[in-house]
Amino acid sequence: MWDDYTQRTDNGFEWYYFNLSYRRKMIRTLWMTPLMPVLYFLLRFIGLDLMYTLIVMAICLVAHILQIAYNYHMWNKYERNIS
């Protein structure tokens, strides 16, 4: 069901993230990277203490990097299996 990669969308617009191929997931994640500074300023604007803001930003940044690395790894793994 979830492992059926052939049903994933690799072109056109897809609103639902989990219907995308790993390549498209990685691209969408990379497009979200510029939102990190926006998140920082939003957290500071709502009055979160600087230490808590930095902790939240560090957690988000690590999760973001792990998500990019995982999607890249799975995309390459899938591409090797096709060839």
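No lab work stands behind these numbers, since they all come straight from the coordinates. Just so it is clear, the structure is predicted and the values come from calculations on it, not from any experiment. We place every Cβ from the backbone using ideal geometry, glycine too, and count neighbours over all the protein chains shown.
Work out, step by step, the length gained on full extension between Leu50 and Met32: first 0.36 nm times the residue separation, then minus their alpha carbon distance; give nm to one decimal.
Extra length available between Leu50 and Met32 comes to 4.2 nm.
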**Cα pair count fraction exceeding 20 Å, expressed as % - the range 5-82** = 44
**Kyte-Doolittle mean at least 0.5 and Cα axial length at least 18 Å: DSSP H helices in the chain** = 50-82
**Request:** Tell me the label-point distance for the pair Glu14, Ile65, using the 7 Å Cα-to-Cβ offset, in nm and rounded to one decimal.
**Result:** 2.8
**Prompt:** Amide H to amide H, which residues 5 or more places from Leu20 or on other chains are under 5 Å from it, using H placed in the peptide plane?
**Reply:** Thr9
